[in-house]
Structure formats: structure tokens, C-alpha cells
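Coordinate-derived values only; no laboratory data. No experiment lies behind these values; they were computed from the predicted model shown. So basically every Cβ, Gly included, is an ideal-geometry build from the backbone, and we count neighbours across all protein chains shown.
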Amino acid sequence: MVERPSHLIATILYITSLSHFLLIVQSSPTPDLDALLSFKTASDTSKKLTTWNTSTNPCTWYGVSCINNRVSRLVLENLDLQGSLLPLTSLTHLRVLSLKHNRFTGPVPSLSNFTSLKLLFLSHNAFSGNFPSTVTSLFRLYRLDLSYNHFSGDIPVTVNRLTKLLTLRLQSNQFSGHIPRVSIPSLQDFNVSGNHLSGEIPEPFSGFPESSFRQNPSLCGAPVQKCNDNPPTTTMSSSFPSNEKAHKNGNGGSKISPVGLIAIIVGDVLVLGIACLLLYCYFWRSYSKKFKEGKGSKLFESEKIVYSSSPYPAQAGFERGGMVFFDGEKRFELEDLLRASAEMLGKGGFGTAYKAVLDDGNVVAVKRLKDAQIGGKREFEQHMEVIGRLRHPNIVSLRAYYFAREEKLLIYDFMPNATLFWLLHGNRGPGRTPLDWTTRLKIAAGAARGVAFIHNSCKSLRLTHGNIKSTNILLDKQGNACVSDFGLSIFAVPGCRSNGYHAPEAIALDGRKQSQKSDVYSFGVVLLELLTGKCPSSTVDSNSGSGTIDLPRWVQSVVREEWTAEVFDMELMRYKDIEEEMVGLLQIAMACTTAAPDQRPRMSHVVKMIEELRGIEVSPCHDTLDSVSESPSLSEDACGASQ
């Protein structure tokens with residue numbers, strides 16, 4: 001009892017000393033102080049940096065941001081600064097450097113110390129000399145803007161090392177020579193207009209607009225004027241026929257005429273076509289015979305179903321089919337489903353989904369395909385047989401189905417957790433729990449694995465999901481993302497409007513002709529939704545401030561104009577040290593939403609890129625179709641958009 005006060009006093013003194021020590025450490029000047037002061041002395045002749053003084057913490061100075069007491073961001077624009085960047089080269093923790101619209105001159109010094117640099121903006125200055133060679137060693141660089149300076153010489157082929165580059169702006173300089181033949185798949189913004197470049201534009205850059213190459217009179221090739229082929233010289237023209245003749249004589253035969261060659265090719269094609277037709281007829285006849293003798297005769301029974309207050313089926317007196325299960329065990333009959341209490345979960349492009357609680361306490365999700373365009377029974381069963389065998393931890397498994405002339409039902413495991421759409425957009429306002437960055441990245445990786453499994457599960461059929469969107473991604477009990485509603489796009493009604501997720505080529509067709517590349521585009525839109533917090537079908541045009549444009553176009557317009565935090569969800573701004581991962585995921589999303597389908601990555605490659613962002617543990621391979629997993633319920637459409 002006597003010692004307790006002394007212990008209390010000692011504890012208070014310890015906490016006070018510790019707090020005082022932490023305060024001293026926190027207020028101690030950054031090791032980058034001398035470099036900043038040297039830069040101010042040499043460059044700030046107009047005395048614009050008034051807050052830069054030794055009486056305050058450098059991390060609070062204008063244009064300076066710090067992480068762990070080291071300068072990570074330096075943005076000093078339109079300040080009439082001049083001189084050289086040399087004093088800044090010791091800022092080894094710098095991630096962002098923007099010195100646009102100043103009066104810096106001379107060559108750019110070595111930037112090799114900037115090993116963490118991601119964004120470099122030096123436009124609208126008076127820098128001169130060759131392309132800064134040390135820039136190509138900055139492997140983390142996402143954006144490089146050297147436009148509106150006096151740089152000259154060649155553009156080095158070593159820019160190919162900058163594999164993460166999204167922006168490369170070199171316009172309005174004095175660069176000469178050819179554009180190097182490099183390939184940077186992530187590049188979204190490229191401009192070399194207003195230089196002295198010549199020769200043919202390399203094929204990897206031909207997809208950029210004409211404005212990216214203007215005021216280079218000696219440039220040719222797509223997208224500018226066509227290159228003129230050099231006519232062959234007299235010597236080559238006179239010698240070529242004699243060489244061809246010598247070649248023929250040396251082989252003792254004559255060349256096959258074009259007509260003969262065409263005849264051979266057409267004959268081969270006809271023979272191959274007839275052989276394929278015979279094989280098709282033979283196997284289809286055998287399959288039809290087996291189907292009629294076996295399973296086909298058992299699926300339909302002439303029974304009448306009992307009217308039920310449940311929402312499915314809603315009509316009495318139609319021909320009844322049978323409940324078909326994929327796991328081998330018939331867990332319940334149709335009557336059990338009809339007696340179950342039903343709660344509507346939502347309505348989507350293919351019909352309505354319900355939560356059904358059976359008499360034994362089991363809960364399932366039922367999708368009623370009322371608005372889908374379904375052909376015959378045989379076509380339906382064959383398709384269900386394919387998608388019903390797929391099992392993977394990151395997809396929602398189809399457990400059973402019911403088919404009758406008036407009613408088609410799909411049975412899934414029920415998952416009580418919310419959809420990704422709800423986690424991102426639901427309950428916005430006071431009291432909302434934001435979706436943190438780690439969870440978003442984990443969802444992106446899990447959903448990517450699910451889609452990649454669908455794509456790779458049957459090489460011959462090249463299966464697609466066909467309806468990837470945030471309302472079709474749920475979380476299981478462990479928080480893993482699971483993809484639902486896959487394989488139903490074949491039942492979509494032709495001519496449906498786009499919901500903001502569909503690829504341009506899918507919209508141009510009838511909506512049913514999805515491909516794996518269009519799946520990649522839709523998944524890219526989901527990634528953009530994760531990053532921006534914006535609904536794909538309700539993005540406001542940033543230029544006009546009104547109307548709507550699709551999310552990929554909006555992101556591209558913002559990125560093209562300026563690197564700005566406007567792209568990212570404001571809820572993510574509270575988290576530190578995630579900038580690199582956010583930009584990395586943005587890079588992946590923009591690659592997925594490229595307009596040209598053949599330029600989009602495969603889903604297996606998308607999985608690898610996402611997992612590499614934070615060293616996410618790669619899930620075990622589940623390539624067999626007999627692996628069993630917990631599967632959440634299917635998710636229904638929201639966001640005011642239909643299929």
C-alpha cells in the first residue's frame with residue numbers, strides 16, 4: 001500500500017520522459033535540410049520560398065512533403081526558380097519531383113540517386129543538352145515530362161528500361177533522329193510533337209493520335225502520312241531476274257503459277273471441310289442417340305406442381321422438370337424449395353435472385369431466369385453441365401438447376417456478406433465504414449484468380465464469364481472474393497444497353513458475343529471502380545462538369561491532362577505509403593481497358609501482376625474440376641444498370 005504512490009509517480013515520469021523524447025525526435029530537422037537550403041540559396045533569387053527558414057520544420061515548408069522525416073515529395077511550380085538541380089540530387093527518398101514552369105537551364109545532372117522516384121515533371125523550363133541518360137535507370141518511374149525545353153540529340157533506346165512508364169512527354173524540344181523502336185506496354189500518354197524527328201514511326205507507337213507526332217515534317221507512317229518506299233536501284237533491278245532464272249535452272253524445274261497454287265489451296269480446304277462435316281455428323285448422331293436412350297427420357301415428367309406462395313414458380317399448371325444436382329447428392333426436392341420462405345435479394349439482367357430458407361434450416365440462393373433468352377432444353381442442359389462442374393475457391397459454384405417449359409431456376413450456396421458494389425458505394429455518408437486499401441487489393445487478386453480459372457478451365461471451349469461487374473463479386477466467410485453469374489451471358493437478350501462494364505467490341509455486337517478479351521476489359525473497369533470509388537455508369541465528365549462518360553474514358557482524360565489525386569477514391573487518401581501500389585494497380589487497369597482487344601493482357605498475366613504489387617501470397621493451383629470449396633451466393637445487379 002505504501003509503495004503504490006511511488007510506482008504511480010515513476011510510471012508518470014516514465015511516460016512524460018518518453019513523450020518528451022518522441023517529441024524531440026519528431027521535431028528534429030530532416031537529414032535533407034542542408035540540401036533544401038542549398039537549393040533555395042542557388043535557385044530562389046526572387047525570394048518566393050518565404051516559408052523556407054531554419055526556424056521551422058522543413059517538412060512543413062511550402063511544396064515539401066515528408067515520410068518518416070525524409071523528403072518524399074517536392075512540388076515547386078511557377079515560382080521563377082532558376083539555376084541547376086544539383087543540390088536536390090541528394091534527396092534519396094524523393095518520390096515526386098515537379099518543377100514545371102520555372103527558368104532552370106543547362107543539362108540535367110545525374111538523377112541516379114532518385115531510386116524511389118515515380119513522378120518527374122520538368123516541363124516549361126530551359127533545360128538543354130541531350131536526353132538525361134540517368135533517367136532511364138529510374139525503374140520505378142511512372143510519369144516523365146520533359147516537354148517545352150531545349151533538349152536535343154537522339155531519344156535513346158534505353159527508355160525501354162522504364163517498363164512501368166505511363167506517360168512520356170517530349171514535345172516542343174529539339175530532339176532529332178529516329179524514334180527508337182521500343183515497346184512499353186503500359187504507356188498511355190506519348191507525345192514527341194514539335195521536334196526534328198525523322199523516319200518511320202515504329203509500330204508500337206502507331207496507335208497514338210496524330211497530334212502526338214505533329215510538327216515533325218520528316219516523320220512518316222501511321223498515324224501520319226504514309227512512307228514512300230524507295231524505288232530499287234538499276235543494279236538491283238537488272239540482277240534480280242537473272243538470279244531468279246539461275247535459281248530455277250539450278251533446281252531443274254519451273255515455278256508453280258499463281259493459278260495452280262490457288263487451285264491446290266482451294267482443293268485442300270474443300271477436302272478438309274468435307275472431312276470435318278462427316279466427323280461432325282457421325283459424333284452428333286451418336287450423341288443424340290445416347291441422349292434419347294438415357295438421361296433425356298428421365299428429366300421430364302408429366303406432373304403438375306402445387307401452387308405455392310413462394311415467388312418461384314409463380315404460375316400453376318405447367319409441365320414439371322426435375323431438380324438436377326452436380327454434387328451427386330440430392331439435398332432437397334422442388335417441393336422443399338417451394339415451401340421455403342423467400343426473400344428477394346435483387347433483380348438483374350437475367351432475372352431475380354432470392355434467398356430461400358428450407359425447412360431443415362439450410363439457406364440457398366435461387367436465381368429465377370425469367371428475363372433471359374433461353375433456347376431449347378437440350379441447349380440449356382449442355383451449358384449447365386459445363387458451368388456446373390467448375391469448382392474453385394474464388395468462384396460461386398452452381399449447385400443445382402431446375403428446367404421446365406415455364407420456369408428455369410439456378411441454385412447456389414447463399415452468402416450473407418455484401419457485394420463489392422455495396423462495399424464501395426453503399427451507405428456513403430456519416431457512419432460509413434470505408435473499404436481499406438489492403439482489402440481492396442485482396443479482393444482484386446481473388447476476383448482475378450476466379451476469372452482466370454474460368455478462362456483456363458476448358459481450353460477447347462474458351463469459356464468466358466460474360467458479365468463481370470462489382471455486383472457479381474462477393475466475399476466469403478474468410479473475406480475472399482468470389483465471382484458469380486459466370487456463363488450466363490449466352491442467355492442475354494440481344495441489343496441490351498451497356499452497363500459501363502462492357503468492352504467496346506462487345507457493345508458493337510449484340511451483347512451475347514463475349515470473348516475472354518472482353519472479360520479482361522470488364523475486369524479492368526472493376527479495378528478502376530476499386531481505385532476511384534466511382535460507379536462505372538455514372539461518372540461525371542470532368543471537362544464539362546455534367547453528363548456522364550464511361551469510367552475508363554474519364555480516367556484516361558484525367559491522367560492525360562495531369563497526374564492528380566482526382567483519380568483515386570478520397571477514402572484512400574487516409575492511408576500512407578500506398579501510392580506505388582495504387583499507381584501500379586491503375587497501370588494494370590488501364591492495360592486491361594485498352595480499346596484494342598489484342599493489346600489487353602491475359603487474365604493469368606493480370607493475376608500475376610496484381611499478386612506482385614504487394615507480394616500477395618499466390619493461391620494453390622486448382623486446375624481440377626472436382627475440388628470443393630465454400631461458395632457465396634450469386635450477386636444481383638445494382639447501380640441502376642441492367643445486363
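Within segment 145-159, what residues put their amide N at less than 15 Å from the label point 7 Å along the Cα-to-Cβ vector of E580? Under cut-off, by backbone N: nothing.
Annotation: peptides 263-270, 59-66, 478-485, 440-447, ranked by per-residue average of other Cβ atoms within 10 Å with the highest first, follow the order 440-447, 478-485, 59-66, 263-270.
How would you classify segment 28-220 from its alpha-carbon gyration tensor, with a ≥ b ≥ c the square roots of the eigenvalues: rounded for a/c under 1.5, else prolate if a/b is greater than b/c, otherwise oblate? Prolate is the answer for segment 28-220, as a/c is 1.5 or above and a/b outweighs b/c. Ordering 210-219, 84-93, 396-405 by mean Cβ neighbour count within 10 Å, with the highest value first, yields 396-405, 84-93, 210-219.
Label-to-label distance, S211 versus S183, with points set 7 angstrom from Cα along the beta-carbon direction: 2.9 nm. If you take all other residues with their beta carbon under 15 Å from the beta carbon of M582, and give Lys and Arg +1 and Asp and Glu -1, the sum is +2. The antiparallel fraction among DSSP beta bridges confined to segment 28-220 stands at about 10%. Using the Cβ-Cβ distance between N68 and A595 with R0 set to 45 Å, the FRET efficiency from 1/(1 + (r/R0)^6) comes to roughly 0.65.
Based on the Cβ-Cβ distance of A126 and Q225, what FRET efficiency does E = 1/(1 + (r/R0)^6) give at R0 = 41 Å, to the nearest 0.05? That pair, A126 with Q225, gives E of 0.80. Between T56 and D268, the modelled labels are 7.8 nm apart [label points 7 Å from Cα along Cα→Cβ]. Arranged from fewest to most other beta-carbon atoms within 10 Å of their beta carbon, T54, T593, T352, T115 become T54, T115, T352, T593. A full extension of the chain between T41 and M344 corresponds to an added length of 102.1 nm, given 0.36 nm per residue minus the alpha carbon distance. Using the Cβ-Cβ distance between S515 and S110 with R0 set to 51 Å, the FRET efficiency works out to roughly 0.60. Placing a pseudo-label 7 Å from each Cα along the Cα-to-Cβ vector at S604 and L33 gives an inter-label distance of 5.6 nm. With 0.36 nm allotted per residue and the present C-alpha distance subtracted, the H101-L279 stretch has 57.0 nm of extension available.
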